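Structure, as structure tokens:
The values are calculated or read from the model by the stated rules, or taken from the named source; none is laboratory data. Predicted model, so just to flag it, every value in this text is computed and none were measured. Reconstructed Cβ throughout: ideal geometry from the backbone, glycine too, with neighbour counts over all protein chains shown.
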């Protein structure tokens, strides 16, 4: 970002210039990933997957967390089947994973700090030529877990559009989920800024020709790995309104 800004947005060689220099006039929407962005869920996925894999006789301790971070249920399940030589059907394992995740999202997983304050601040922004900044969620999680979580934390009303993993054929890192969100918003891809925490999600957004601000969870990843992939690398969600507004 700008010199002196509290935002440590990295604009690496070969990347496009900062948001406010050439996109603020056309920005109409911010699309959030759910897991690891709004929901402090990443520490729980090892428990979810341990519970899933225990049903197939596997003792799992999270050793493949980074391999399945941010990917679709199908890709995660197919990875586990190969890693542990499991013969169960992909559909069966996806269904069970969804049931376990729904319970966790409904009862255990919390928001990251300041989520509501950030969403409220974004709702006050009026882009040039528009009466509002649209907000959306695009998550690999299934509808039952994602919508239950958003309802429990009273976030649903903030979003104009919610797209979940069971609505699309190809999950992240394919662009389909972000393209679907833009379609539902009635916007072109270049009018959307995506907020992601996972490299697979960043790849999906970039494939959709959208700008991406990464908020890596430093408990699990090295933020420097994101500098060449995302347009901006932020320390927290609290920096998003300033990024959107510009100087």
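Numbers at a glance
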quantity: Residue in the range 92-103 that is in contact with a strand residue (DSSP E or B) (Cβ under 8 Å, 6 or more places away or on another chain), in contact (Cβ under 8 Å) with a residue 40 or more places away in the chain and assigned to a helix (DSSP H, G or I) present; calculated: no
quantity: Residue match in the range 3-14 (condition: modelled with pLDDT of 50 or more and more than 30 Å from residue 151 (Cα to Cα)); calculated: yes
quantity: Some residue of the range 111-130 being under 28 Å from residue 75 (Cβ atoms), crowded, with 19+ Cβ neighbours inside 10 Å and modelled with pLDDT under 95; calculated: no
quantity: Check on residue 142, within 14 Å of the chain's Cα centre (by Cα), surrounded by 14 or more Cβ atoms within 10 Å (Cβ to Cβ), at pLDDT below 95 and on the phi < 0 side of the Ramachandran plot; calculated: yes
quantity: Given (1) touching a helix residue (DSSP H, G or I) at 6+ places or on another chain (Cβ under 8 Å); (2) more than 29 Å from residue 95 (Cα to Cα); (3) surrounded by fewer than 19 Cβ atoms within 10 Å (Cβ to Cβ), index of the condition residue 218 fails; calculated: (1)
quantity: Scope the range 164-185; condition at pLDDT 95 or above, surrounded by 24 or more Cβ atoms within 10 Å (Cβ to Cβ), under 18 Å from residue 197 (Cα atoms) and in contact with a helix residue (DSSP H, G or I) (Cβ under 9 Å, 6 or more places away or on another chain); matching residues; calculated: 177, 178
quantity: Scope the range 155-176; condition closer than 23 Å to residue 110 by Cβ and without any contact (Cβ under 8 Å) to a residue 24 or more places away in the chain; matching residues; calculated: 156, 157
quantity: Condition check for residue 106: within 30 Å of residue 240 (Cβ to Cβ), over 18 Å from the mean Cα position of the chain (by Cα), in contact (Cβ under 8 Å) with a residue 24 or more places away in the chain and surrounded by fewer than 17 Cβ atoms within 10 Å (Cβ to Cβ); calculated: yes
quantity: Whichever residue in the range 198-207 is modelled with pLDDT of 95 or more and surrounded by fewer than 24 Cβ atoms within 10 Å (Cβ to Cβ) and, among such residues, is farthest from the chain's Cα centre (by Cα); calculated: 207
